[in-house]
Amino acid sequence: MIIKNVSSGLNVSRKVHAKRYDMDGQCQPVDQMIVSEHFISLYVNDEPYAEMVCSAKELSELVIGHVFSQGLVSDASDIEAVFVGGDGRVAQV
């Protein structure tokens, strides 16, 4: 199996401005890190198969696990190659 993942450096979290309330109901502005949503389109044999929402980390592993869990393959030898594009928005199996 060939795995080519050129989607390095994707942001998995981002800082947001939020308000935190204490037990007395007092509000304090804070900067908080949250996990960023990431959208990826999965193509199997050049055909659109699925749209997924995930974190932008370990996308190749996500794609391989997804095709296994959906019963599209039963063994790693069933997968010729996995390619994840540079912006991490498209994966091809």
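The values are calculated or read from the model by the stated rules, or taken from the named source; none is laboratory data. Predicted model, so just to flag it, every value in this text is computed and none were measured. Here the Cβ is made from the backbone with ideal geometry for all residues, glycine too, and neighbour counts use every protein chain on show. Remember, those area values only see protein heavy atoms, side chains included, never the ligands or the DNA or RNA. Shrake-Rupley method; radii C 1.70, N 1.55, O 1.52, S 1.80 Å.
The table below lists the values:
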{"quantity": "Accessible surface, 1.4 Å probe, highest first, among residues V90, V84, V53, V30", "calculated": "V53, V90, V30, V84"}
{"quantity": "Vicinal HN-Hα couplings computed from phi for the stretch 67-83 (Karplus, 6.51 cos²θ - 1.76 cosθ + 1.60; Hz; Gly/Pro x)", "calculated": "5, 5, 5, 8, x, 6, 9, 10, 8, 4, 5, 6, 9, 6, 7, 10, 10"}
{"quantity": "Net lengthening on full extension, Q28/N45 (0.36 nm per residue, minus Cα-Cα)", "calculated": "0.9 nm"}
{"quantity": "Solvent-accessible area per residue, Å², over the chain with all protein chains present [probe radius 1.4 Å]", "calculated": "71 Å²"}
{"quantity": "Accessible carbon and sulfur surface of the chain relative to its total accessible area, %, 1.4 Å", "calculated": "50 percent"}
{"quantity": "Mean separation of Cα contacts under 8 Å, 6 or more apart, over the residue count of the chain: relative contact order %", "calculated": "37 percent"}
{"quantity": "Residues with amide H under 5 Å from that of S36, placed H, sequence gap 5 or more", "calculated": "S13, R14"}
{"quantity": "Estimated vicinal HN-Hα couplings, Hz - the stretch 4-18 in sequence order (Karplus 6.51, -1.76, 1.60; Gly, Pro = x)", "calculated": "10, 10, 9, 9, 7, x, 6, 6, 9, 8, 8, 8, 10, 8, 9"}
{"quantity": "Under 5 Å, built H, 5+ apart or other chain: amide partners of V82", "calculated": "I2, I3, K4"}
{"quantity": "Extreme residue, positive dipole direction of the chain, given options V44, C54, V67 (C-beta unit charges)", "calculated": "C54"}
{"quantity": "Cβ-placed point charges (K, R +1; D, E -1), dipole of the stretch 42-93 about Cα centre in debye, nearest 20", "calculated": "200 debye"}
{"quantity": "The chain - charge dipole about Cα centre, Lys and Arg +1 at Cβ, Asp and Glu -1, debye rounded to 20", "calculated": "460 debye"}
{"quantity": "Anisotropy class of the chain from Cα gyration tensor, a/c 1.5 cut", "calculated": "prolate"}
{"quantity": "For the stretch 35-51, 3J(HN,Hα) per residue [Karplus equation, 6.51 cos²θ - 1.76 cosθ + 1.60, θ = phi - 60°, Hz, x = Gly/Pro]", "calculated": "6, 7, 6, 10, 10, 9, 9, 9, 10, 10, 6, 6, 10, x, 10, 7, 10"}
{"quantity": "Spin-label zone in the stretch 58-82 - amide nitrogen under 13 Å from a point set 7 Å from the Cα of R89 along the C-beta vector", "calculated": "none"}
